[in-house]
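Student: I'd like to ask you about the structure that follows.
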Amino acid sequence: MSTGTLILVRHGQSLWNLENRFTGWTDVPLTEQGLAEAYKAGEKLKGFRFNRAFTSALSRAQETLRIILDVIEQADIPVERDPALNERHYGDLQGLNKAETAERLGQEVVYAWRRSFDARPPGGESLRDTVERVMPYYRMRIEPYVLAGETVLVVAHANSLRALVTVLEEIPAEDVPALNIPTGVPRRYLIEGTGKILEADYLV
């Protein structure tokens, strides 16, 4: 039976990460630190030969992927870009400073919007909503290649990857707030053709 490899990478630090703003679908660039994180992710992936890669419609993820592929000298592989992998849409919060918003609206409310599975910010998506956007795309466009034994790279965002990891690792809703995806640190899954995860670890 074939065994595939799935590598997930969260894009490097963006300008609004640095400024502590809710970013969501706003298309902001990487910072110098973010560019460096993308380069380091590439260094950690030099031992892999990818068959294809997937990323979002947002430039911070696309630029991270471009840097990684340049570092590992695999810029010629097929790349698919799709908004299904975009960051969670933060609705009315997009552009607002996280600390100031928490002070104004309450720490517990904002924490729930940011970290819980079901809380939906005004005009935006909950993590559950994000799962319902990400997973059909993953099942249709990404998983078949992994189950066929390919090595696949996905470069996306904190919450689109949290959504994917929540389902892949069957994380209970009550444990979702503690789930964090670090920037620029590849997470590797070794997945059997049946869909069973054989190994899961960060490449540090």
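Residues checked against (1) among the hydrophobic types (A, V, I, L, M, F, W, C); (2) closer than 22 Å to Ser116 by Cα; (3) modelled with pLDDT under 95:
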residue	(1), (2), (3)
Gly4	no, no, no
Val9	yes, yes, no
Leu15	yes, no, no
Leu30	yes, no, no
Ala41	yes, no, no
Gln62	no, no, no
Ala75	yes, no, no
Glu80	no, no, no
Leu93	yes, yes, no
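Student: Looking at the structure I just gave you, is Tyr111 crowded, with 16+ Cβ neighbours inside 10 Å and out of contact with any His (no Cβ under 8 Å at 6 or more places or on another chain)? Give the derivation first.
Tutor: Values: crowded, with 16+ Cβ neighbours inside 10 Å: no; out of contact with any His (no Cβ under 8 Å at 6 or more places or on another chain): yes.
When the stated conditions are applied, Tyr111 does not pass them.
Student: With the requirement that a residue be polar (S, T, N, Q) and in contact with a His (Cβ under 8 Å, 6 or more places away or on another chain), what does segment 138-186 give you?
Tutor: The answer is Thr183, and nothing else.
Student: Related question: Name, by its number, the condition in (1) in contact (Cβ under 8 Å) with a residue 12 or more places away in the chain; (2) within 24 Å of Gly4 (Cα to Cα) that does not hold for Glu63.
Tutor: Among (1) in contact (Cβ under 8 Å) with a residue 12 or more places away in the chain; (2) within 24 Å of Gly4 (Cα to Cα), Glu63 violates only (2).
Student: On to the next question. Of the residues Gly91, Gly106, only one is at positive phi and buried (at least 16 other Cβ atoms within 10 Å of the Cβ); which?
Tutor: Unique residue meeting the criteria: Gly91.
Student: Which of the residues that make up segment 41-59 are assigned to a helix (DSSP H, G or I) and either closer than 22 Å to Val204 by Cβ or in contact (Cβ under 8 Å) with a residue 60 or more places away in the chain (or both)?
Tutor: Ala41, Gly42, Glu43, Lys44 - these are the residues of segment 41-59 that are assigned to a helix (DSSP H, G or I) and either closer than 22 Å to Val204 by Cβ or in contact (Cβ under 8 Å) with a residue 60 or more places away in the chain (or both).
For (1) under 30 Å from Glu192 (Cα atoms); (2) of a type in the set (Ser, Thr, Tyr); (3) more than 15 Å from the chain's Cα centre (by Cα), each residue gets a yes or a no:
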{"position": "Gly12", "(1), (2), (3)": "yes, no, no"}
{"position": "Asn17", "(1), (2), (3)": "no, no, no"}
{"position": "Lys44", "(1), (2), (3)": "yes, no, yes"}
{"position": "Glu73", "(1), (2), (3)": "yes, no, yes"}
{"position": "Glu80", "(1), (2), (3)": "yes, no, no"}
{"position": "Arg88", "(1), (2), (3)": "yes, no, no"}
{"position": "Gly95", "(1), (2), (3)": "no, no, yes"}
{"position": "Lys98", "(1), (2), (3)": "no, no, yes"}
{"position": "Ala102", "(1), (2), (3)": "no, no, yes"}
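Student: Now for a different question. For the structure I just gave you, tell me whether Arg139 is modelled with pLDDT of 95 or more, charged (D, E, K, R), more than 18 Å from Ala200 (Cα to Cα) and surrounded by 14 or more Cβ atoms within 10 Å (Cβ to Cβ).
Tutor: For Arg139, the condition - modelled with pLDDT of 95 or more, charged (D, E, K, R), more than 18 Å from Ala200 (Cα to Cα) and surrounded by 14 or more Cβ atoms within 10 Å (Cβ to Cβ) - is not met.
The values are calculated or read from the model by the stated rules, or taken from the named source; none is laboratory data. All values derive from a computational prediction rather than experimental measurement. FYI the Cβ positions are ideal-geometry reconstructions off the backbone, even for glycines, and counts take in every protein chain you see.
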